[in-house]
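Asks: The structure under discussion is supplied below as structure tokens; questions concerning it will follow.
The values are calculated or read from the model by the stated rules, or taken from the named source; none is laboratory data. None of these values were measured; they are calculated from a predicted model. Ideal geometry is used to build each Cβ from the backbone, glycine not excepted, and the neighbour counts take in all protein chains shown. These area figures cover heavy atoms from the full protein model, side chains too; ligands, DNA and RNA do not enter into them. Shrake-Rupley method; radii C 1.70, N 1.55, O 1.52, S 1.80 Å.
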Amino acid sequence: MVLERVKAKAIRWLEDNRGLVIVLFCLPASFLFDLFIQLRIYLDRKFSTVTSHKQRVQKIQDQVTEWSKLPKSEKKPLCTARPNWLSLSTTFFDKKKCHQVPIDLHDVLSLDEKNLTVTVEPNVTVREICKYLIPKGYTLAVTLEIGDATLGGLAFGVGMTTYSHKVGLYQEAIVSYEVVTADGNMITVTDSNEHSDLFYCLPWSHGTLGFLVGLTLRIVKVKPYVHMQYIPCHSQDEYCQKIMELSGATNKDTKVADYLEVTIYDKNEAVIMVGNFADVDSRSKPKINDVCWFYKPWFYKHVETFLRKGGEEYIPLESYLLRHNRAIFWVLESMIPFGNHPVFRAFLGWLCPPKPAFLKFTTTQAVREMTFAKQVFQDIVMPLDTLKEQVDTAVKLFDTYPLLVYPCRIYDHKGGAPQGQLRAPPKSRLVPGTNYSMFNDLGVYGTPGPVERREAYNPTYAMRAMEKFTRDVGGYSFLYADIFMSEEEFNEMFDMTLYNQVRAKYYCDGAFPRLYDKVKPEIDVIAIGETYAVKKDE
Ligand SMILES: Cc1cc2nc3c(=O)[nH]c(=O)nc-3n(C[C@H](O)[C@H](O)[C@H](O)COP(=O)(O)OP(=O)(O)OC[C@H]3O[C@@H](n4cnc5c(N)ncnc54)[C@H](O)[C@@H]3O)c2cc1C
């Protein structure tokens, strides 16, 4: 009894002082951990580059062929040997139940400046491709603001950026995939060859249809800076309407900006960011702001200052692309509440963010439970014309700000026929005269308001209600985050028609886990969420 009380007090102290614990222990440990990881990756690469891409892929094919010769009773489903803690996903898929195949593929293979494509191996990270492409005058058409995300992970999961209102999801910028299938063959998959059915199912497949060993991605020509215009909005109708217009959702001929996003700070307070590639002349030099320097305010805090009065500035392109990296969007605030204080930034800002890999590596059962019971990490793709209802629902269920909004095209590629896990948008929602509809990513990250205020909160209810809303409006939950859906509800949200055909055609059954089994949380989030539910009078 006494022990229980001491334990409860200790947990409460740790929760109340989590910032201190993270600063004193996690940040230095994460720094050392990262040095070790970088050294390991450096050595891995040094050894892997003495072989050619073809040899490295052959090694993976040989391992799959060996696996296929195992007796049925010994054949566990296949998965990559990449440790869970290296992945940005919040879930911990139990890889011990699988036959793990190392995918040691970390190289940029070629740049085709004529056709504007780059060919890479899947473990190249966003930070690495920025360093490679930007000095040459290019960037990926679609990327992600987290430097540690891998180009392969984004291809088999999902990727979306502030350029997506022009081109769609990351998958729309993929020209071809190189995939090792369950029979050990290596095939090149494009939207027009004999594997075009597979082409449409690989995004959102999470490694359940084959191993990704190469990727050709579309790139775009860039200028060294992004000219940013910050537009403050003081009513929900204002930002909902403006973003429809600025994204081209109301008129296909609208001249849209290169980059577009909204950060919502309160139901009626938001800043719309309009960015365009730019050169900077001597007159504009004083307006340059490199937002990624460790001593600068976190990007979303900086943007918040434009609520009072709009403004403009020039951000170096690489800093723009990684602008949310330092505060992991705004997740860091719930870990280090004083992390944006100027004194903290000046002395310890360079240690931020704690590496996602370190945070995952040191996750205990209790911390894992807190990631969905006392926090929320959700990215959800929904039709942009429902933005008002999206915000109202998210605020009612989670009451946490800011909210992230990236407009994004979702295409109808096959005239309404099955086209992978994402359905063709309904005809009534297409932007007139086009084959796409304007959706948006709604990012909800942080500590729910009721948890912060120690009020009634039931994570299971909140998450399931958000998922129901998502299904009702024809949207999709990103699968890197915890899902609370049953398989039936999952199959209602995602179209599994073509996926099931492709699994049969490429002998995936018995070789790779099914999608729902791969992405569903490794623990019973529904039951655990219920046990964490806080009632009003507690
Ligand atoms: C706070 C936060 C905010 C985020 N916001 C956004 C956002 O705004 N927009 C966005 O697009 N995403 C966002 N994400 C999600 C992120 O894009 C995903 O986690 C993405 O999958 C990239 O992560 P990764 O490289 O670690 O991939 P992983 O998690 O390693 O891979 C994704 C899936 O693909 C499989 N896989 C990877 N490589 C291979 C391979 N070679 N062969 C077979 N299978 C493979 C993995 O097993 C896994 O199932 C956010 C994530 C966080 C934590």
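Asks: Within segment 527-538, is there a residue that is part of a helix (DSSP H, G or I), open to solvent by less than 10 Å² (accessible area, probe 1.4 Å) and among the hydrophobic types (A, V, I, L, M, F, W, C)?
Replies: No: segment 527-538 contains no residue that is part of a helix (DSSP H, G or I), open to solvent by less than 10 Å² (accessible area, probe 1.4 Å) and among the hydrophobic types (A, V, I, L, M, F, W, C).
Asks: If you don't mind, another one. Of all helices (runs of 4 or more DSSP H) completely enclosed by segment 125-208, which ones contain at least 2 residues that are farther than 26 Å from ILE41 by Cα?
Replies: Those helices (runs of 4 or more DSSP H) span 164-167, 196-201.
Asks: Another one. Can you confirm whether ASP62 is in contact with a helix residue (DSSP H, G or I) (Cβ under 9 Å, 6 or more places away or on another chain) and either more than 14 Å from the ligand (Cβ to nearest atom) or open to solvent by 50 Å² or more (accessible area, probe 1.4 Å) (or both)?
Replies: Taking the combined requirement at face value, the residue does not satisfy it.
Asks: While we're looking at this one, here's another question. Would you mind telling me which numbered condition in (1) in a loop (DSSP other than H, G, I, E, B); (2) within 16 Å of the ligand (Cβ to nearest atom); (3) surrounded by fewer than 21 Cβ atoms within 10 Å (Cβ to Cβ) TYR300 fails?
Replies: Tallying (1) in a loop (DSSP other than H, G, I, E, B); (2) within 16 Å of the ligand (Cβ to nearest atom); (3) surrounded by fewer than 21 Cβ atoms within 10 Å (Cβ to Cβ), TYR300 fails exactly one: (1).
Asks: Could you tell me whether any residue of segment 231-240 is under 24 Å from the mean Cα position of the chain (by Cα) and within 16 Å of the ligand (Cβ to nearest atom)?
Replies: No: segment 231-240 contains no residue that is under 24 Å from the mean Cα position of the chain (by Cα) and within 16 Å of the ligand (Cβ to nearest atom).
Asks: Still on this model: What about MET485, is it closer than 19 Å to PHE377 by Cα, out of contact with any Cys (no Cβ under 8 Å at 6 or more places or on another chain) and either at pLDDT 95 or above or outside the structural domain of LEU403 (by the TED database) (or both)?
Replies: yes
Asks: Just one of (1) modelled with pLDDT of 90 or more; (2) of a type outside the set (Val, Ile, Thr); (3) surrounded by 13 or more Cβ atoms within 10 Å (Cβ to Cβ) trips up ARG45, so point out which.
Replies: Tallying (1) modelled with pLDDT of 90 or more; (2) of a type outside the set (Val, Ile, Thr); (3) surrounded by 13 or more Cβ atoms within 10 Å (Cβ to Cβ), ARG45 fails exactly one: (1).
Asks: While we're here: Restricting the first residue to segment 73-96 and requiring it to be assigned to a loop (DSSP other than H, G, I, E, B) and more than 9 Å from the ligand (Cβ to nearest atom), which pairs with a second residue that is among the small types (Gly, Ala, Ser) and open to solvent by less than 60 Å² (accessible area, probe 1.4 Å) meet a Cβ separation below 6 Å and a spacing of at least six or different chains?
Replies: none
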